[in-house]
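Visitor: Below is a structure I'd like to ask you about.
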Amino acid sequence: MPVVAIVGRPNVGKSALFNRLVGSRVALVEDLPGTTRDRLYGEFEWRERRYVLIDTGGLDESGEIAFSPLVRQQILEALQQADVVLFMVDATAGVTAADEEVADLLRRSSKPLLLVANKADNAAREQAAVSFYELGIGDPITVSAYHGLGIGDLLDAIATLVPATGDETVQAVDEVRIAIVGRPNVGKSAILNAILGEERVIVSEVPGTTRDAIDTVFSFHDRQLRLIDTAGIRRRGKVERGVEKHSVMRSQDAIDRCDVAILVVEANNPFTAQDVHVAGYVDKAVKGLVVALNKWDLVANPEGEATHLLKLTKAKLRFAPWALMAYTSALTPRGMPRLLDLALEAHEERQRRVPTAGLNAVIRQALAKHSPPTEGKRQLKVFYVTQAEVNPPTFVVFVNDPDLAHFSFRRYLENQIRGAFGFPGTAIRVIFRGRSEET
Ligand code: GDP
């Protein structure tokens, strides 16, 4: 999710633009110590894309405050967080000494920059905006934040500076990609066949390399499902039996390409180190996970075993307590539609968005219960949290310094988000973003 920062000397109308774009959905205010000035975080949407907006100038737009070290520091900080910087000037005032100082700072940064001449309510003022060329920043975009003029052009200009990520195009395809993974001999081919049914001719094998991945696409409950690398499943079952290392690599490829992984394990020999390893990879790749406890027909005492296996699963997959589980028997066959239902359920969860206000309320409570970690005299400060993406659900936490957010605190926040919003069946991603670039 791209971050746009508004900078400029006081009184040019930064908060007017912030309010125009974000409206009443302001989510968080950061108090800057020792000042009456605050930094605001909010969000806006333009042409199906969402952005985070930072207003560095804050609420105090009164008076002709000189270009202070404080303003300077705020601009530098904004530069570090932003993907695009809006440098705002006042079209009615012309170029001031303070504008020149801001321009000086901005020219030293490599961040994409737009010069925005505000208060351009009439033609004469638009004309006056021409004088801003002398700042050496480029063409001024004239707007009236207050009257809502020129805002669309400004947003289009922002959009061109933030290249679309490949993910967005992939996501447009409304298809659920499922990988069936696990050790050799656990019953992956059998499950594949049970899912697809005998009569269906599904795979047309491409001769040649063993690494050709062939997918099977079919519809289920009005959804298009893609089973990933079905050729790999069959071939591994028949030819490469026992070649564990190769099968792990092939599993990883399939997991990388999927939305949801179905991990097949043997109910009568569950959670070997290898099974746990593959589950760990699913978690690391931030995918959905459904565990199929297969060969259920070989379990002597199903009722007693079910409880035991549930406990065992929780213990072995401690890192993924959110994983869904199904008891299956590929030969009977049993549990097949349910297996796909669970995979779809996990996929649904991956598409879910939670409201920003609620999210920040949860995080504030979490911080009240456990104050953020300190290192020496420095303490982690959490400013704002937003869900930037779905599939996988991705949360961005804006902080003063990501280095201060050590592993256990990250886990803590992730657990709090889960506690409040669930997301059963899928891994989620929590990214910390601050002044030093880190994910
Ligand atoms: P893959 O290597 O994971 O694809 O495993 P296969 O599908 O080739 O299955 C390995 C063996 O386990 C075969 O002999 C299957 O018939 C058998 N098998 C698979 N699923 C089940 C099941 O649910 N119950 C029983 N009893 N045997 C199964």
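Visitor: 5 Å is the cut-off here: which amide hydrogens, built 1.01 Å from N in the peptide plane, fall below it relative to T142, excluding neighbours closer than 5 in sequence?
Guide: A117
Visitor: Around D215, which amide H atoms from residues at least 5 apart in sequence, or from another chain, sit under 5 Å from its own amide H, with H modelled in the peptide plane?
Guide: D229, T230
Visitor: Mind ranking 257-265, 395-403, 40-48 by how tightly packed they are, going by the mean number of other C-beta atoms within 10 angstrom, highest first?
Guide: Working: 257-265: 26.4, 395-403: 19.8, 40-48: 16.4.
Top to bottom by mean Cβ count within 10 Å: 257-265, 395-403, 40-48.
Visitor: Determine ³J(HN,Hα), in whole Hz, for all residues of the stretch 175-192 in sequence, where each value follows from phi through the Karplus function 6.51 cos²θ - 1.76 cosθ + 1.60 and θ = phi - 60°; x replaces Gly and Pro.
Guide: 9, 9, 9, 10, 10, 9, 10, x, 5, x, 6, 7, x, 5, 5, 4, 5, 4
Visitor: Now, a different point. What order, most packed first, do the peptides 6-19, 368-381 have when packing is the mean number of other Cβ atoms within 10 Å of each residue?
Guide: Working: 6-19: 23.4, 368-381: 11.7.
Ranked from most to least packed, the peptides come out as 6-19, 368-381.
Visitor: Here is a follow-up. Using a 7 Å offset from the Cα along the Cα-to-Cβ direction at both H370 and A93, what is the distance between the two label points in nm, to one decimal?
Guide: 4.5
Visitor: Rounded to the nearest 0.05, what FRET efficiency do A159 and D253 have when you use their Cβ-Cβ distance and R0 = 25 Å? Please report the intermediate quantities before stating the final value.
Guide: Details: r = 34 Å, r/R0 = 1.36.
So the FRET efficiency works out to roughly 0.15.
Visitor: In sequence order, what are the phi-derived ³J(HN,Hα) couplings for the stretch 3-11 according to the Karplus relation 6.51 cos²θ - 1.76 cosθ + 1.60 with θ = phi - 60°, rounded to whole Hz, with x for glycine and proline?
Guide: 10, 10, 10, 9, 10, x, 5, x, 6
Visitor: Please turn the phi angles of the stretch 373-390 into ³J(HN,Hα) values with the Karplus equation 6.51 cos²θ - 1.76 cosθ + 1.60 (θ = phi - 60°), one per residue in order, whole Hz, x for glycine and proline.
Guide: Calculated HN-Hα couplings, in order: x, 10, 9, x, 8, 8, 10, 5, 10, 9, 8, 6, 10, 9, 8, 7, 9, 10 Hz.
Rule-based calculations on the coordinates, nothing more; no lab input. The structure displayed is predicted, hence computed values, not measured ones. Neighbour counts run over all protein chains shown; Cβ positions are idealised from the backbone, glycine included.
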